[in-house]
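For reference, the structure discussed in these notes is given below.
Computed from the coordinates by the stated procedures, all read-outs in this text should not be read as laboratory data. Worth saying up front: this structure is predicted, and the values here are computed from it rather than measured. Neighbour counts run over all protein chains shown; Cβ positions are idealised from the backbone, glycine included.
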């Protein structure tokens, strides 16, 4: 038997979707970054944003558009990139276990003496590898546009922001994977992943409304990832630790959940 057969199978079957998602990331960056000189670097646009309600500006992340790093953080990492990575993460995480079980493939795999723990780990590795590819694509595109768009983003801080977005999307994907491993149902897996994403974003938005609610940031994975603006300030190890720690915990939950459940029941 070849090494990591489930991982290889999952990657082969998702080649088309991975290419399409990569093109989506490229298109989003190609649309947003070149606009920086006319938006983030434009005095009239800054004045327009200054006239908006401060709470609204902070919620949508437009409170730091004057620098290239702040602009990219607000428009891509904190908004469009987050949504693109989230949709991909939820879809791939849902399909990893629950999707395989509902279409009958999981029972066939287990009939070939593949352990349940190995199924979860290899499927999780395939999801993580796809999201890593999207992260690499985003880094390469931003570096390519860095000069023409005059964003002047530092490569080290770009890697920090990419690690934060990757950790957040992995947490969401593995919530969907664990939900599928525990239940075997796509609806529950989808709800787990999408629910975590919505709650993370919503709690961060509520916490940004008032200094009195600032403590709520501690309960939002979105705030763990982007609360300290890694594209501007560099890596936030205090935020990355709970993100990647949560990824490991959800992976362990998925392994235990599939081991203790009757597949197909």
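Data for the structure
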quantity: Length-normalised contact order for region 5-259 - Cα pairs under 8 Å, 6+ apart - percent; calculated: 26
quantity: For region 102-168, alpha-carbon Rg relative to the globular expectation (2.2 N^0.38 Å, N residues); calculated: 1.69
quantity: Estimated FRET transfer efficiency when R0 is 22 angstrom, pair residue 115-residue 263 (beta carbons, to 0.05); calculated: 0.95
quantity: For region 149-265, Kirkwood radius (reciprocal of mean inverse C-alpha pair distance, Å); calculated: 15.3
quantity: Gain on full stretching of the segment that runs from residue 210 to residue 248 - 0.36 nm per residue minus C-alpha separation; calculated: 10.4 nm
quantity: Paramagnetic reach from residue 27 in region 132-164 [backbone N under 16 Å; point 7 Å along Cα→Cβ]; calculated: 138
quantity: Semi-axes of the equivalent ellipsoid for region 88-203, Cα gyration tensor, largest first, Å; calculated: 33, 16, 10
quantity: FRET efficiency, residue 16 to residue 83 (Cβ-Cβ, R0 25 Å, nearest 0.05); calculated: 0.75
quantity: Enclosed volume per residue, in Å³, of the convex hull spanned by Cα atoms of region 202-265; calculated: 123
quantity: Gaussian network model of the chain, Cα within-10 Å springs - most flexible of 148, 235, 221; calculated: 148
